[in-house]
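Below is one structure, written out as structure tokens; comments come after it.
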Amino acid sequence: MGAVVIGSAFAIAFDQAFTIFHDLLFPAGNWEFDPATDRLVQLFPYDFWTETSVAIAVVGLLLTLETWAFARRLAQRSA
């Protein structure tokens, strides 16, 4: 259930959810990088992070659906 809530928050309001996530897990804005000076942003630009986030969400959704289908099959066998 938690994954659905978090996934929905990111799907509906990505920028706000992204900021809240980083504010909670990283101290004092040290996750904000300057593309002119910080190597991490230069090596992995914005598009990389966007595409990676989408890929993680899709894999998470597929795993969730497969787990649900597996649990449903087990419940039907038991009944």
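The values are calculated or read from the model by the stated rules, or taken from the named source; none is laboratory data. Quick caveat: nothing in here was measured; it's all calculated off a predicted structure. When we count neighbours, we look across all protein chains shown, and the Cβ atoms used for this are built from the backbone with ideal geometry, even at glycine. The area values use the complete protein model at the heavy-atom level, side chains included, leaving out ligands, DNA and RNA. Shrake-Rupley method; radii C 1.70, N 1.55, O 1.52, S 1.80 Å.
Could you grab me the full set of residues in the range 14-29 that are open to solvent by less than 60 Å² (accessible area, probe 1.4 Å) and touching a helix residue (DSSP H, G or I) at 6+ places or on another chain (Cβ under 9 Å)? Don't jump to the end; show me each part of the working.
Applying the first criterion (open to solvent by less than 60 Å² (accessible area, probe 1.4 Å)) to the range 14-29 yields 17, 19, 22, 29.
Within the range 14-29, ALA17, HIS22, GLY29 meet the criteria.
Only one of ALA57, ALA3, ALA36 is small (Gly, Ala, Ser) and out of contact with any helix residue (DSSP H, G or I) (no Cβ under 7 Å at 6 or more places or on another chain). Can you tell me which?
Details: ALA57 fails: out of contact with any helix residue (DSSP H, G or I) (no Cβ under 7 Å at 6 or more places or on another chain); ALA3 fails: out of contact with any helix residue (DSSP H, G or I) (no Cβ under 7 Å at 6 or more places or on another chain).
So the residue among ALA57, ALA3, ALA36 that is small (Gly, Ala, Ser) and out of contact with any helix residue (DSSP H, G or I) (no Cβ under 7 Å at 6 or more places or on another chain) is ALA36.
If ALA79 satisfies every condition in (1) loosely packed, with under 10 Cβ neighbours inside 10 Å; (2) at pLDDT 95 or above but one, which is the exception?
Checking ALA79 against (1) loosely packed, with under 10 Cβ neighbours inside 10 Å; (2) at pLDDT 95 or above, the one that fails is (2).
Anything in the range 30-43 that is of a type in the set (Phe, Trp, Tyr) and open to solvent by less than 80 Å² (accessible area, probe 1.4 Å)? List them, or say none.
Of everything in the range 30-43, just one residue is of a type in the set (Phe, Trp, Tyr) and open to solvent by less than 80 Å² (accessible area, probe 1.4 Å), namely TRP31.
Which residues, counting only those in the range 47-76, are open to solvent by less than 80 Å² (accessible area, probe 1.4 Å), closer than 17 Å to ASP15 by Cα and not hydrophobic (A, V, I, L, M, F, W, C)?
Across the range 47-76, the qualifying residues are THR50, THR52, SER53.
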